[in-house]
1. Name, by its number, the condition in (1) more than 20 Å from Phe346 (Cβ to Cβ); (2) free of Cβ contacts under 8 Å to residues at least 40 places away in the same chain that does not hold for Ala275.
2. Does the stretch 444-459 hold any residues that are of a type outside the set (A, V, I, L, M) and surrounded by fewer than 22 Cβ atoms within 10 Å (Cβ to Cβ), and which are they?
3. Working carefully through the options Asp85, Asp105, Asp70, Asp148, find the one that is open to solvent by 10 Å² or more (accessible area, probe 1.4 Å), closer than 23 Å to Tyr354 by Cα and out of contact with any Cys (no Cβ under 9 Å at 6 or more places or on another chain).
4. Scan the stretch 237-247 for residues that are crowded, with 24+ Cβ neighbours inside 10 Å, in a loop (DSSP other than H, G, I, E, B) and of a type outside the set (S, T, N, Q) and jot them down.
5. Looking at the stretch 615-622, can you tell me whether even one residue there is among the acidic types (Asp, Glu) and either open to solvent by 20 Å² or more (accessible area, probe 1.4 Å) or in contact with a Pro (Cβ under 7 Å, 6 or more places away or on another chain) (or both)?
6. Out of Thr250, Thr221, report the one residue that is crowded, with 24+ Cβ neighbours inside 10 Å and hydroxyl-bearing (Ser, Thr, Tyr).
7. What is the one condition in (1) of a type outside the set (A, V, I, L, M); (2) under 16 Å from Asp397 (Cα atoms); (3) open to solvent by 10 Å² or more (accessible area, probe 1.4 Å) that Asp630 does not satisfy?
8. Only one residue in Trp100, Trp90 is closer than 14 Å to His447 by Cβ, buried (at least 18 other Cβ atoms within 10 Å of the Cβ), in contact (Cβ under 8 Å) with a residue 24 or more places away in the chain and hydrophobic (A, V, I, L, M, F, W, C), so which one is that?
Amino acid sequence: MKEIIKIINKFCAVNVLLLLCVNDVWAADKIGVYDLRYTLRSDLNTKKGVDMAWDDVHTVSTLQGVVNRDAPRLYVYFVIEGKNDIDDYWWSKYNQQGKWLYGRDTQQYRTMEELFTAYASYIAGVVVYDGNVPSTSNVASSVAGIEDLVAIRYDNTPGSLYSRLVLNGPKLPVKRWLLNPDGTSMFTGKKGTKIPETERWSTGSLKNDPYVWFIEKYMKTGKCNTEFAAYYIDQYWKQKPFASVRNHHTLSNHDFFVSKKAFFFDLSPWGDEPATDDPTQPVGTDLNTLKEMLLLAYQQNKNEKMCYIGGFPSWAYKYTMHASGIHDDVPTEWEFSRVISAYNAFKDADAIGYGALANASFWQHFPTKKKYVQNWVSHKELQQRGLLTADGKVNVDGRNFIIFYVGDYDASAWISQRTPSIWDDPSRGKLPLMWCISPVLEERVPHIMHNFRTTATDNDYFAAADNGAGYIMPGMLQEPREISGLPSGLEVWGKHCKKYYDKWGLSITGFVIDGHAPGLNKEGLNCYASFSPNGIVPQKTVTALLHDNMPVIRADWDINDNDPKVAAGRIVERVRERSVIPFHWFRNILKKPTWYCDVMNEVRLQDENIVLLDAPAFFELLRIYLKESDSVIK
């Protein structure tokens, strides 16, 4: 018996020693830190300043994607929003005692040469792209992820990044050229010529030929991870660096998608005009290339997985009336969504204004809980609150019930940038608010999703943003599927959403953007009922209906007036004119809790019978009301 005890003690001691060793390795494994904020101070009126702003962020972001793929090794400081240093904010939050990064040592790198020398062993070399062919920058990011390379623009002038890292300094080896080694363009875009290294004929577009090259070399050969894609502006940004906030080259967003070995693109969704950044192309060339990429992704995903696309149409730069196109901004957003939805793809919408996100490849390793629970309201509680009568009927009593869609949080970049100014607002918790956040954002910003849940008050309730676990137009999943002609995608969408809804305790989809797509039919409603049983808010439906016990209410007005008195007046006006039902939904974009408090104070002064409800009470009362009203209100 004593011998057995000795063996057990020895076994335990060995395991404790191993555990201590693992912890020592973790503590000794320093996180590299590089400050890219200097690129935000470069002079964008000069070629040198534009080159620095572009080249340094692009190359570091591709490095991050490779080195952070399986562990959080490299962190950067880059994104500034107003007075808030976003990357410092999130690092500081999780570097506190008891938090994820507490006790981790860091290593500061002061120059690009230092940084790339330190991480040279993690990368296989460089993919060099062509500064004269804008689309090669996106192809370079795709290749970088697949082949463990960093992307560097060709420029052999002294002082250029190429000169500092390839010709000198760490002398990183070039493994893939997207132009000829002598600096001449590899792609010509000339009709009647072959695209280099392929059997495909030129599209007649210098912009599109590099994407076709990538399709042949990487997508068709199965080297690319078609579960992820990235829709970010290419080097055309350098021609219009002042079209939006200066960090909206969105190069800092590349790291996560490089880590996933995703495919990158920047293509127009319109088939009735040439892309505005390539006006001599045959009409519809961009759309044809986009559809080819999406179809290949669909085929490789076998209608079993969705394709997660990060990004948004760069409407201030391309494809809209802002850039001499024939289409407006929102229709361009909707058309892109309509096209990708036809191929089982959705977007994490890093839209202009707050589109820059850094360090997602780092934060993807943040440990979240297995489940985040939210409780639903009981009928007994509703009765105690005077909202239900003793016999279980909705106690309207001359009142109108309203709810706010607190958005727009369908983008990892937006919630990352606006948490300090909106979520941290001191008035949060004073009113019941339905925070509508896409649960799929946990892929890139799990630390933020976790922060919301662990700091929420009793008045903060969470629903999904448009249109579930990702921004998609669900009508394009229904057969017959215009554009793609593919079989129904509802089943894969339902399974995809249910996984995220179950983890994050969601049962309401706060908004369904139908746009120019068909509205939800019976099969579409069945799909949503399978994962969002407590309510949805589509654009294309009757005023309200009950579908298999799922309450459905039509989306109504956006209320975004900065003046609370004006906003309150519009709410009161709409409630009074829409008297067919005592339930009202209003959408708001990036408003602070203080604004909601001020608005509701004004609403009460104008009409004391308008009552703001929490989400469970609103949708449960709506369900009961619809049962009383034979399920449909037109």
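The values are calculated or read from the model by the stated rules, or taken from the named source; none is laboratory data. Keep in mind that what you see is a predicted model, and the values were worked out from it rather than measured. Counting neighbours? That spans all protein chains shown, and the Cβs are built from the backbone with ideal geometry, glycine included. Keep in mind that these areas ignore ligands, DNA and RNA; they rest on the heavy atoms of the full protein, side chains included. Shrake-Rupley method; radii C 1.70, N 1.55, O 1.52, S 1.80 Å.
1. Condition not satisfied by Ala275: (2).
2. From the stretch 444-459, those of a type outside the set (A, V, I, L, M) are 444, 446-447, 450-455, 457-459; that's our starting set.
Matches in the stretch 444-459: Pro446, His450, Asn451, Phe452, Arg453, Thr454, Thr455, Thr457, Asp458, Asn459.
3. Details: Asp105 fails: closer than 23 Å to Tyr354 by Cα; Asp70 fails: closer than 23 Å to Tyr354 by Cα; Asp148 fails: closer than 23 Å to Tyr354 by Cα.
After ruling out the rest, the residue left standing is Asp85.
4. Going residue by residue through the stretch 237-247, those that are crowded, with 24+ Cβ neighbours inside 10 Å are 237, 247.
Then keep just the ones that are in a loop (DSSP other than H, G, I, E, B); that gives 247.
If the condition is that a residue be crowded, with 24+ Cβ neighbours inside 10 Å, in a loop (DSSP other than H, G, I, E, B) and of a type outside the set (S, T, N, Q), then no residue fits.
5. no
6. Working: Thr221 fails: crowded, with 24+ Cβ neighbours inside 10 Å.
Every option except Thr250 fails the conditions.
7. Single failed check for Asp630: (2).
8. On the way: Trp100 fails: buried (at least 18 other Cβ atoms within 10 Å of the Cβ).
Result of the check over Trp100, Trp90: Trp90.
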